[in-house]
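J.: After the structure tokens below, expect a handful of questions from me.
The values are calculated or read from the model by the stated rules, or taken from the named source; none is laboratory data. This is a predicted model, so every value here is computed, not measured. All Cβ positions, glycine included, derive from the backbone under ideal geometry; neighbour counts span all protein chains shown.
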Amino acid sequence: MKEAKKIFKTALEEGRTFVLENEAKDIMKAYGIPIPAYDTAVTADEAVQKSKAIGYPVVLKILSKDVLHKSDAGGVKINLRNDDEVRKAFTEIMTNAKNYGKEKGIEVDLSRGVFISDFADMGTEIIVGVTKDPQFGHALMAGLGGIFVEVLKDVSFRLIPFTENDAREMLKELKAYKILEGIRGEPARDIDSLIGVMLSVSKMIAENPEITELDCNPTFVYEKGKGTLVVDARILIGESKASH
Amino acid sequence: MNCGSTESIDVFFNAKSVAIYGASASQNSVGASIVQNFIKPQYTGKVFAVNPKYKQVLGIPCFPTLQDIEDPIDLVIVAVPARITPRVFEDIAAKGVKASIIISGGFSETGPIGTELENEVVDLAKKHGIRIIGPNCIGVVDTLSHIDTFFLPEYRCGRPKPSNVANISLVSQSGAFAAAISDWTSELGLGVSKLISLGNKCDVDDDDLLCYLADDDSTQVICYYTEGYDQDKGRTFFETASRVTPHKPVLVVKSGRGQKAKAAASSHTGSLAGSDKVADAAYRQSGVIRVDNFEHMFDAAKALAMQHAALGDRVLMVTNGGGLGVMTTDALEAAGLAIPSPSNELTQIYKERLPAYCAIGNPIDVVGDADSTRYDIVFEEAIKSGEYDMFVVGMLLQTPSLSMEITNVIANHQRQSGLPFVVVSMGGGFTTKAGEIMELMGVPTYATGEKAAFAAKALAQYGEIKYGDEFNKTIISDKP
């Protein structure tokens, strides 16, 4: 909890209302939310060294207070399988970020280098998110990713905090719930571990009400017994105020 | 229920002496209409008019200020132009009155100047411990105490009546809806205890009334019409409702499925949320039953007020008309209820006791020439078997073989078993009268199978809310 407060303080001091990816992951880790192995590096050599330690393949992403939408800035390189690819990706990301800054007429801060993460195996794609409603306060959303969320808007909500029973019902409300149970010979997904993630996020928000919005997108849930991974996390914050 | 003190709210419904500020003798004025309500013999408390222009209004004494009245005053109804309300509240404070309903408009609903005026009044009220309903509302109707501040003449806007069986109370953000519902329920045969129009909610709000009505013995079901909540007030309503719903059913119609919140959101989750989906989740999570419209609300409220919650989802449909049976079970199925066939044992018993041409199944058709004894057999054995949690009874009275004894049979089995019963009786004048009699005996009766199915669904839904894991849910619905 202290970890999170420190990160939010730094962000607000830098004039950011979002936290950097490594910071988001640090907070996630503190709440026991499963995430792929990660690290940061400020030089190409360091990136190679850290990538090796994590184990290939890896993902590299720009880490800068000036870049919120990393893909738009050409700041994301995925499925890097060896030292050379990492070295090349690092240089490209830095160049892209510089150019992105020129287009926007700002100088992009590159001093934090890149975020390195284990390239997670594909699982069933889930979105877990949090919104802060002006009337009802914080609510958690869950749904299956891809067309289920984009086209069918197949998502369900509960106010935070909620019980394990609520979390289970929430998933059952989804039209796509059968996919989690396993259809057409597919094994069942690890629903219990997904519920664990939902409850941990609920706890995180209850203890840090300054979080205004959060997306764990994508979150991969694997087959039963093999867990869940939050691959990407975005946290937005507002002024610190205990609301409930 | 532990909501805090509800004493300060009770006076709005049980005031023994009322002063009407802005009472007037001019025809069709708000001031005159309210005085007219209170001079009816049904209201047994004392009534005073306040208006420096008159010595008396419609035969009751009229005073320049409250302080000129010797008697203590419990409740002041304010129907004066907005700009002079601060002065009126000085007078209320000086008189030591603790409750006021501000009927007048012209406050925060009109813009910044009105908001300032409203804040001024609220500050005065807070300082002197005066509770306020309104402003910009039509106030309350209490069908038992006959407190009635609706300034609408009764020939235009009927008032509902209390029932000896069970009553609902309704809280409405909109005054116009409160009036329409008053008028509508006066004809509906639904027992009503209290109607409250909240207006701008400058003090007394949804939460206060939820707490009060939860403890009110004359209210069996609490109904709300709302368009939305003030900042964070949705959250407090959620928290209060979570405590109330295990003890008393709460129904809500919420309009304004607005898109505003969506536009403001910058995250994926925020853009998918919109306020209404969050509201929907909040109601579900706190055990509030949300319905789409007033027709559904009254159908559900009637059943919930008159019957116990169901302990499970297994419904037996009994009918003396095949078509009604099929149509109703279709609706029950669509509502997500279970319609299990009788077990082999139960089927065997029915075969022995009922004529061979009765169709044993679910629905169970005792056919057109049935008298009430066939129903009696069906209920007796089904209740004994423990195979059903609820009964939906088709009672078609066009056939002369079915005498009014059927209402006794239904009511007796309902009372003895404690299981919820819902009756569907289609038809004209005779049927309507029979339905009224059935309801006087405590069993809700509907004109169509769809309405009865909706009522049955509400009884199961509330059973799930009330009993939680102990509710016997036999089918897993695909739908939320």
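J.: Quick check: anything in the stretch B:300-307 modelled with pLDDT of 95 or more, more than 9 Å from chain A (Cβ to nearest Cβ), surrounded by 23 or more Cβ atoms within 10 Å (Cβ to Cβ) and in contact with a Lys or Arg (Cβ under 6 Å, 6 or more places away or on another chain)?
T.: Scanning the stretch B:300-307 turns up no residue that is modelled with pLDDT of 95 or more, more than 9 Å from chain A (Cβ to nearest Cβ), surrounded by 23 or more Cβ atoms within 10 Å (Cβ to Cβ) and in contact with a Lys or Arg (Cβ under 6 Å, 6 or more places away or on another chain).
J.: Would you be able to say whether some residue in the stretch A:78-86 is touching a residue at least 60 places away in the same chain (Cβ under 8 Å) and of a type in the set (A, V, I, L, M, F, W, C)?
T.: Filtering the stretch A:78-86 for residues touching a residue at least 60 places away in the same chain (Cβ under 8 Å) gives none.
No, that holds for no residue.
J.: Let me ask something else. In the stretch B:164-180, what residues are of a type in the set (G, A, S) and without any contact (Cβ under 8 Å) to a residue 60 or more places away in the chain? Write out each step before concluding.
T.: Let us first name the residues in the stretch B:164-180 that are of a type in the set (G, A, S), namely B:166, B:169, B:172, B:174-176, B:178-180.
Once the filter is applied, which keeps residues that are of a type in the set (G, A, S) and without any contact (Cβ under 8 Å) to a residue 60 or more places away in the chain, the stretch B:164-180 yields B:S169, B:S172, B:S174, B:G175, B:A176, B:A178, B:A179, B:A180.
J.: Among what's in the stretch B:218-227 and is of a type outside the set (A, V, I, L, M, F, W, C) and farther than 14 Å from B:T143 by Cβ, pick the residue that is modelled with the lowest pLDDT. Explain how you work it out, then say what you get.
T.: Step one: list which residues in the stretch B:218-227 are of a type outside the set (A, V, I, L, M, F, W, C), which gives B:218-220, B:224-227.
From the residues that got through so far, the ones that are farther than 14 Å from B:T143 by Cβ too are B:224-227.
Values: B:Y224: 97, B:Y225: 93, B:T226: 90, B:E227: 85.
It comes out as B:E227.
J.: Which strands (runs of 3 or more DSSP E) sit wholly inside the stretch A:90-179 and have at least 1 residues that are more than 11 Å from chain B (Cβ to nearest Cβ) and under 30 Å from A:P209 (Cβ atoms)? Before you say what the answer is, go through the steps one by one.
T.: On the way: elements: A:114-118, A:124-133, A:137-144, A:155-159.
Here the list reads A:114-118, A:124-133, A:137-144.
J.: What are the pairs with Cβ atoms under 9 angstrom where one residue, in the stretch B:183-211, is without any contact (Cβ under 8 Å) to a residue 40 or more places away in the chain and among the polar types (S, T, N, Q) and the other, located anywhere, is outside any helix (DSSP H, G or I) and surrounded by 23 or more Cβ atoms within 10 Å (Cβ to Cβ)? Sequence gap at least six, or different chains.
T.: Between residues of the stretch B:183-211 that are without any contact (Cβ under 8 Å) to a residue 40 or more places away in the chain and among the polar types (S, T, N, Q) and residues that are outside any helix (DSSP H, G or I) and surrounded by 23 or more Cβ atoms within 10 Å (Cβ to Cβ), the close pairs are B:S186/B:P160; B:S186/B:V192.
J.: What are the pairs, 6+ residues apart or on separate chains, where a residue within the stretch B:268-289 that is more than 16 Å from B:E464 (Cα to Cα) has its Cβ under 6 Å from a residue that is part of a helix (DSSP H, G or I) and modelled with pLDDT under 90?
T.: Close Cβ pairs (under 6 Å, with a partner that is part of a helix (DSSP H, G or I) and modelled with pLDDT under 90) amount to B:S271/B:K262; B:G274/B:A261; B:G274/B:K262; B:S275/B:A261.
J.: Now, a different point. Restricting attention to the stretch B:395-409, does a residue exist that is part of a strand (DSSP E or B), in contact with an Asp or Glu (Cβ under 9 Å, 6 or more places away or on another chain), in contact (Cβ under 8 Å) with a residue 60 or more places away in the chain and not assigned by TED's automatic domain parsing to the domain that holds B:G191? Lay out the reasoning, then the answer.
T.: Within the stretch B:395-409, the subset part of a strand (DSSP E or B) is none.
For the stretch B:395-409, residues part of a strand (DSSP E or B), in contact with an Asp or Glu (Cβ under 9 Å, 6 or more places away or on another chain), in contact (Cβ under 8 Å) with a residue 60 or more places away in the chain and not assigned by TED's automatic domain parsing to the domain that holds B:G191: absent.
J.: Could you give me the residue pairs with C-beta distances under 7 Å whose first residue belongs to the stretch B:124-135 and is assigned by TED's automatic domain parsing to the domain that holds B:D91, whose second residue is among the polar types (S, T, N, Q) wherever it lies, and which are 6+ apart or on separate chains?
T.: B:I130/B:S100; B:R131/B:S8; B:I132/B:S100; B:G134/B:N200; B:P135/B:S104; B:P135/B:N200
J.: Would you point out which residue out of A:G32, A:G55, A:G15 is among the small types (G, A, S), surrounded by fewer than 19 Cβ atoms within 10 Å (Cβ to Cβ), closer than 18 Å to A:K77 by Cβ and not assigned by TED's automatic domain parsing to the domain that holds A:V197? Quick ask: steps written out before the conclusion?
T.: Numbers: A:G32 fails: closer than 18 Å to A:K77 by Cβ; A:G15 fails: closer than 18 Å to A:K77 by Cβ.
Result: A:G55 is the single residue among A:G32, A:G55, A:G15 that is among the small types (G, A, S), surrounded by fewer than 19 Cβ atoms within 10 Å (Cβ to Cβ), closer than 18 Å to A:K77 by Cβ and not assigned by TED's automatic domain parsing to the domain that holds A:V197.
J.: Return only the number of the condition from (1) in contact with a helix residue (DSSP H, G or I) (Cβ under 9 Å, 6 or more places away or on another chain); (2) away from every other protein chain (no Cβ under 14 Å); (3) assigned to a loop (DSSP other than H, G, I, E, B) that A:S200 does not satisfy.
T.: That leaves (3) as the condition not met.
J.: Which one of the conditions (1) assigned to a helix (DSSP H, G or I); (2) within 16 Å of B:A335 (Cα to Cα) does B:T474 fail to meet, given that it meets all the rest?
T.: (1)
J.: Mind listing whichever residues of the stretch B:37-91 are aliphatic (A, V, I, L, M) and more than 17 Å from B:S104 (Cβ to Cβ)?
T.: B:I39, B:V47, B:V57, B:L58, B:I60, B:I69, B:I73
J.: Taking B:L440 as meeting all but one of (1) surrounded by fewer than 18 Cβ atoms within 10 Å (Cβ to Cβ); (2) modelled with pLDDT of 95 or more; (3) within 21 Å of the chain's Cα centre (by Cα), write down the number of the exception.
T.: Single failed check for B:L440: (2).
J.: Considering only strands (runs of 3 or more DSSP E) fully contained in the stretch B:9-96, which possess at least 2 residues that are closer than 18 Å to B:C137 by Cα? Full working, then the answer.
T.: On the way: elements: B:17-21, B:46-50, B:60-63, B:75-78.
Hits in the stretch B:9-96: B:17-21, B:75-78.
J.: For the stretch A:203-239, which positions are within 14 Å of chain B (Cβ to nearest Cβ), of a type in the set (S, T, N, Q) and surrounded by fewer than 22 Cβ atoms within 10 Å (Cβ to Cβ)?
T.: Listed by number, the residues that qualify are A:T212, A:N217.
J.: Sticking with this one: So which residues in the stretch B:334-392 are free of Cβ contacts under 8 Å to residues at least 60 places away in the same chain, under 19 Å from B:T445 (Cβ atoms), of a type outside the set (D, E, K, R) and assigned to a helix (DSSP H, G or I), if there are any at all?
T.: Passing the criteria: B:S372, B:Y375.
J.: Can you find a residue in the stretch B:43-50 that is within 16 Å of B:D71 (Cα to Cα) and aromatic (F, W, Y)? Give the derivation first.
T.: Kept after step one, since they are within 16 Å of B:D71 (Cα to Cα), are these residues of the stretch B:43-50: B:44-50.
If we keep only those that are aromatic (F, W, Y) as well, we get B:48.
For the stretch B:43-50, residues within 16 Å of B:D71 (Cα to Cα) and aromatic (F, W, Y): present.
J.: Going through the stretch B:440-462 one residue at a time, which ones are touching a helix residue (DSSP H, G or I) at 6+ places or on another chain (Cβ under 8 Å), more than 13 Å from B:D299 (Cβ to Cβ) and assigned to a helix (DSSP H, G or I)?
T.: B:Y462
J.: Condition test on A:K178, is it exposed (fewer than 14 other Cβ atoms within 10 Å of the Cβ) and either over 17 Å from A:T124 (Cα atoms) or of a type in the set (K, R) (or both)? Steps first, please.
T.: Numbers: exposed (fewer than 14 other Cβ atoms within 10 Å of the Cβ): yes; either over 17 Å from A:T124 (Cα atoms) or of a type in the set (K, R) (or both): yes.
Answer is yes for this residue.
J.: Ok, one more. So in the stretch B:107-145, with the set limited to residues that are among the charged types (D, E, K, R) and outside any helix (DSSP H, G or I), which one is nearest to B:K194 (Cα to Cα)? Show your work before the answer.
T.: Narrowing the stretch B:107-145 to residues among the charged types (D, E, K, R): B:109, B:116, B:118, B:120, B:123, B:126-127, B:131, B:142.
This time we only want the ones that are outside any helix (DSSP H, G or I), so: B:131, B:142.
Values: B:R131: 18, B:D142: 5 Å.
Applying the filter and picking the extreme gives B:D142.
J.: Going residue by residue through the stretch A:86-101, is there one that turns out to be of a type in the set (S, T, Y), surrounded by 19 or more Cβ atoms within 10 Å (Cβ to Cβ) and in the same structural domain as A:A176 (by TED's automatic domain parsing)?
T.: To start, the set of residues in the stretch A:86-101 that are of a type in the set (S, T, Y) comprises A:91, A:95, A:100.
Then drop every residue that is not surrounded by 19 or more Cβ atoms within 10 Å (Cβ to Cβ), which leaves A:100.
Of the ones still in play, those that are also in the same structural domain as A:A176 (by TED's automatic domain parsing) are none.
No: zero hits.
J.: On to the next question. Can you pull out the residues in the stretch A:221-244 that are at pLDDT below 90, over 19 Å from the mean Cα position of the chain (by Cα) and of a type outside the set (S, T, Y)?
T.: Once the filter is applied, which keeps residues that are at pLDDT below 90, over 19 Å from the mean Cα position of the chain (by Cα) and of a type outside the set (S, T, Y), the stretch A:221-244 yields A:E239, A:K241, A:A242, A:H244.
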